[in-house]
Amino acid sequence: MKTLLLLGGMTPDVTKLYYDIINHAARSALGGRHNAPLYIYSANLDAMVQYARAGDWDAFAKVYTDAIDVLANKVDAVVVSAILAHKVSPQLTQSLSSTGVPLLHIADCVAAHLKAQHPQVRTVGLLGPKITMLDQDDPDFFIGRLEAPENGLKVLVPETQAELEEVNRGMMEEVTKGAAAVTVQTRTMFIRQANRLIERGAQGIILGSTDLGFVVRKEDLLNGVIIIEPGSIHAEEAAKWALRS
């Protein structure tokens, strides 16, 4: 099995989710006492959030490129366990350019999963931090990558500035602190916003933070619409990649 560098820490709960999924896949495929060969670098979430809020993407990227510089020669691929952190995917890819080690991008993994498992789903709704919901013009980030011709998805986000701010507040002030920090009112808000996206035509709801999967569940949604949990999908696809000979 190939060795992965897992860039985590946004949040520790999600880093653990990736670790568990990748190791479960390894043991299921290889049997016995097999574990996945992994290096894990866990960033300080509070520092990363402050960099993101300030728009200091160079400082944000450096946290991870420093880890890549130390470990890239020991691994076969790099996996970042957060959607928002893919905002700096060009910097991470550049840091890897001389090594030949790929970055397994979360948007590509989500698109591949949908094509394979839910080919009828072409329009999706997205809830997450405002940075993720609004940065549609960046072809290397999340929405831009999903809507690229090779992936061919259409992505809907909340319509009004007030709704975007409401979702962003819930994400940054509560969800990033862990599921236990999410109030009933905020959880209800996320469900209401998801169902509004469904009413506008979303065939699936992407939980645009890997932590949001701990808050919104399939049974909360109208019309049996699927929930798309990028973190779980990303980890599963990364494990499949690592298990290929």
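The values are calculated or read from the model by the stated rules, or taken from the named source; none is laboratory data. These numbers come from a predicted model, not from an experiment. All Cβ positions, even for glycine, are placed from backbone atoms using ideal geometry, and neighbour counts span all protein chains on display. The area values use the complete protein model at the heavy-atom level, side chains included, leaving out ligands, DNA and RNA. Shrake-Rupley method; radii C 1.70, N 1.55, O 1.52, S 1.80 Å.
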**Asked** Can you name the helices (runs of 4 or more DSSP H) wholly within the range 1-104 that have at least 1 residues being of a type in the set (Phe, Trp, Tyr) and open to solvent by 10 Å² or more (accessible area, probe 1.4 Å)?
**Response** 12-30, 45-54, 57-71
**Item:** Residue list for the range 205-245, restricted to those being touching a Cys at 6+ places or on another chain (Cβ under 8 Å) and either closer than 17 Å to residue 188 by Cα or open to solvent by less than 30 Å² (accessible area, probe 1.4 Å) (or both)
**Value:** 230, 233, 234, 238
**Asked** For residue 198, are the conditions met, namely being hydrophobic (A, V, I, L, M, F, W, C) and under 19 Å from the mean Cα position of the chain (by Cα)?
**Response** no
**Fill in**
Flagged pairs (Cβ under 7 angstrom, 6 or more apart or on separate chains; first in the range 144-157, over 13 Å from residue 112 (Cα atoms); second part of a loop (DSSP other than H, G, I, E, B) and open to solvent by less than 20 Å² (accessible area, probe 1.4 Å)) are 156/202
**Prompt:** Pairs under 9 Å by beta carbon, first residue at pLDDT below 90 in the range 173-194, partner polar (S, T, N, Q), six or more apart or different chains?
**Reply:** 175/11; 175/186; 175/209; 176/11; 176/209; 177/11; 178/11
**Item:** Residues (of a type in the set (Gly, Ala, Ser) and in contact (Cβ under 8 Å) with a residue 24 or more places away in the chain) located in the range 1-59
**Value:** 8, 9, 25, 26, 29, 36, 42, 43, 52
**Prompt:** In the range 114-132, which residue that is closer than 17 Å to residue 161 by Cβ and modelled with pLDDT of 95 or more is surrounded by the most Cβ atoms within 10 Å (Cβ to Cβ)?
**Reply:** 127
**Asked** Does the range 143-169 hold any residues that are of a type outside the set (Asp, Glu) and in contact with a Lys or Arg (Cβ under 8 Å, 6 or more places away or on another chain), and which are they?
**Response** 151, 152, 153, 154, 156, 158, 164, 167, 168
**Complete:** Reported set for the range 174-204 where residues are surrounded by fewer than 18 Cβ atoms within 10 Å (Cβ to Cβ), among the small types (Gly, Ala, Ser) and out of contact with any Pro (no Cβ under 9 Å at 6 or more places or on another chain) is 179, 180, 181, 201
**Scan of the range 145-173 for residues that are open to solvent by less than 20 Å² (accessible area, probe 1.4 Å) and over 16 Å from residue 123 (Cβ atoms), ordered by number** = 164, 167, 170, 171
